[in-house]
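Student: Dropping the structure in here first, questions after.
Derivation of every value follows stated rules applied to the coordinates shown; laboratory data play no part. These figures come from a predicted structure and were not determined experimentally. Here the Cβ positions follow ideal geometry from the backbone for every residue, glycine too, while neighbour counts run over all protein chains shown.
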Amino acid sequence: MRGYPIVISSPSGGGKTTLVHRILADMPKAAYSVSVTTRPPRSGERNGRDYYFVSKAAFERMVRKRELAEWAGVHGHCYGTPRKFLDAKISLGYFPLLDIDVQGALQLKKKYPDGVYIFLIPPTLRELSRRLRERHTDSPEDIKRRLAAAKRELAVAQNYDYVVLNDDLDAAVERVKTILEAERWRAHRAESRLKALR
Ligand code: ADP
Ligand code: 5GP
C-alpha cells in the first residue's frame, strides 16, 4: 500500500510545530519531511532535524535540478520540500508529514492530489498575536509582519480539505487524528484491499 502526504499549514504561531510533534509521537508510520531553507538557524535548531540550512546558491541549484517538490519565499527567506524523501516514503507506505506555508501546500495539492491538506486556525487574531509574543522567538517587527501575512493566508484556507480550530491543543490534536483515521478508509484508497477480496 502506498502512503500519501499529510500537509499542515497555519499562520505563523497557529500551532503547526506543536501539533506536528504530537502527531509524530502517535503515528509510527508518519515521517517528518525536513525542509530546506535559506533562513539562518534559530537557537536550538539543528541542521538535518529542524531544517537543512543552505545558502541561497545551493537552494537555487536544488530548484534548477528539480530536487524540490515545491518551494516558496516566506517572510523573506526561501523554503522547499525535498522531492526524494517525499516520494521514497510514499512508495514505501509511509506518510510524510509536512509543515509548509500556503503557497507550497497549494503547489503540492496539484502534484499530490491524494494527500490530506489541513489548515489550522487560531480562535482569534488577538490570541494568535499573544501566542507569537509568548513564544519569544520573533522581534515585535517580525510579529507585525507575521500577523499581516496571517490575514492573507486565512484568505486561501478554504482551498484546503480541512480547516481545524486550534483553541485547546489537546482538542485540536484529537480533531486531526480523527480526520487522519477517516482518511485511511476513503473509498478511493481501498483499491488493493478490494482487489484482494475478489
Ligand atoms: P507555528 O509552528 O504554527 O508557528 P507553534 O507550534 O510554534 O506555531 O505555536 C506557537 C506558540 O503557541 C507556541 O509557543 C505554542 O506552545 C503555543 N500554542 C500552540 N497551540 C496552542 C494552544 N492550543 N493553546 C495555547 N498555546 C498554544
Ligand atoms: P519558520 O521560519 O517559522 O520555521 O517557518 C516559516 C514558514 O515557512 C512557516 O509557515 C512554515 O510552514 C513554512 N515552511 C517551512 N518549510 C517549508 C517548505 O518546505 N515549503 C514551504 N512552502 N513552506 C515551508
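Student: If you take the residues of the range 156-192 that are among the aliphatic types (A, V, I, L, M) and not in a helix (DSSP H, G or I), which of them is farthest from the chain's Cα centre (by Cα)?
Tutor: In the first step, residues of the range 156-192 are kept if they are among the aliphatic types (A, V, I, L, M); the result is 156-157, 163-165, 169, 171-173, 176, 179-180, 182, 187, 190.
Cutting the leftovers down to not in a helix (DSSP H, G or I) gives us 156, 163-165, 190.
Details: 156: 15, 163: 13, 164: 13, 165: 16, 190: 25 Å.
Only one residue tops the list, namely 190.
Student: Sticking with this one: Tell me which residues, restricted to the range 14-72, are free of Cβ contacts under 8 Å to residues at least 60 places away in the same chain, in a helix (DSSP H, G or I), surrounded by 16 or more Cβ atoms within 10 Å (Cβ to Cβ) and touching a Ser or Thr at 6+ places or on another chain (Cβ under 6 Å). Show your work before the answer.
Tutor: Filtering the range 14-72 down to residues free of Cβ contacts under 8 Å to residues at least 60 places away in the same chain leaves 21, 25, 28, 34, 36-41, 43-72.
Filter again for in a helix (DSSP H, G or I), leaving 21, 25, 56-64.
Restricting the remaining residues to those that are surrounded by 16 or more Cβ atoms within 10 Å (Cβ to Cβ) gives 59, 62.
Result: 59, single match.
Student: Now a separate question. Among the listed residues 123, 96, which satisfies the condition of being within 15 Å of ligand 1 (Cβ to nearest atom) and under 20 Å from the mean Cα position of the chain (by Cα)? Full working, then the answer.
Tutor: Working: 96 fails: within 15 Å of ligand 1 (Cβ to nearest atom).
Step by step, each of 123, 96 is checked, and only 123 is within 15 Å of ligand 1 (Cβ to nearest atom) and under 20 Å from the mean Cα position of the chain (by Cα).
Student: Then there is this: Could you list all residues from the range 82-124 that are in a loop (DSSP other than H, G, I, E, B), within 14 Å of residue 4 (Cβ to Cβ) and not aromatic (Phe, Trp, Tyr)?
Tutor: Step one: filter the range 82-124 for residues in a loop (DSSP other than H, G, I, E, B), giving 92-94, 100-101, 112-115, 122-124.
Filter once more, so that each one left must be within 14 Å of residue 4 (Cβ to Cβ): 92-94, 112-115.
Residues satisfying the conditions are 92, 93, 113, 114, 115.
Student: Considering only residues that are of a type in the set (D, E, K, R) and in contact with a strand residue (DSSP E or B) (Cβ under 8 Å, 6 or more places away or on another chain), look in the range 92-137 and name the one that is surrounded by the fewest Cβ atoms within 10 Å (Cβ to Cβ). Reasoning before the result, please.
Tutor: If we filter the range 92-137 for residues that are of a type in the set (D, E, K, R), which is where we start, we get 99, 101, 109-111, 114, 126-127, 130-131, 133-135.
This time we only want the ones that are in contact with a strand residue (DSSP E or B) (Cβ under 8 Å, 6 or more places away or on another chain), so: 99, 101, 109, 111.
Values: 99: 21, 101: 21, 109: 18, 111: 12.
Of everything passing the filter in the range 92-137, 111 is surrounded by the fewest Cβ atoms within 10 Å (Cβ to Cβ).
Yes/no per residue for (1) more than 8 Å from ligand 2 (Cβ to nearest atom); (2) within 22 Å of residue 148 (Cα to Cα); (3) of a type in the set (A, V, I, L, M, F, W, C):
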site: 17; (1), (2), (3): no, yes, no
site: 65; (1), (2), (3): yes, no, no
site: 82; (1), (2), (3): yes, no, no
site: 98; (1), (2), (3): no, no, yes
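Student: Residue 86 - would you say it is surrounded by fewer than 17 Cβ atoms within 10 Å (Cβ to Cβ), away from ligand 1 (no atom under 14 Å from the Cβ), within 19 Å of residue 115 (Cβ to Cβ) and not aromatic (Phe, Trp, Tyr)?
Tutor: no
Student: Here's something else I'd like to know. Could you please find all residues in the range 50-63 being within 13 Å of ligand 2 (Cβ to nearest atom) and more than 15 Å from the chain's Cα centre (by Cα)? Give the derivation first.
Tutor: Within the range 50-63, the first condition is being within 13 Å of ligand 2 (Cβ to nearest atom), and the residues that meet it are 50-54, 59, 62-63.
Correct list: 52, 53, 54, 59, 62, 63.
Student: For the list (1) touching a residue at least 60 places away in the same chain (Cβ under 8 Å); (2) under 18 Å from the mean Cα position of the chain (by Cα), I need the number of the one condition that residue 103 fails.
Tutor: (1)
Student: Within the range 138-145, can one find any residue that is among the small types (Gly, Ala, Ser) and either under 13 Å from residue 14 (Cα atoms) or surrounded by 13 or more Cβ atoms within 10 Å (Cβ to Cβ) (or both)?
Tutor: No, every residue in the range 138-145 fails to be among the small types (Gly, Ala, Ser) and either under 13 Å from residue 14 (Cα atoms) or surrounded by 13 or more Cβ atoms within 10 Å (Cβ to Cβ) (or both).
Student: Residue check: is residue 87 among the acidic types (Asp, Glu) and within 19 Å of residue 9 (Cβ to Cβ)? Let's see the steps before the verdict.
Tutor: Working: among the acidic types (Asp, Glu): yes; within 19 Å of residue 9 (Cβ to Cβ): no.
In short, no.
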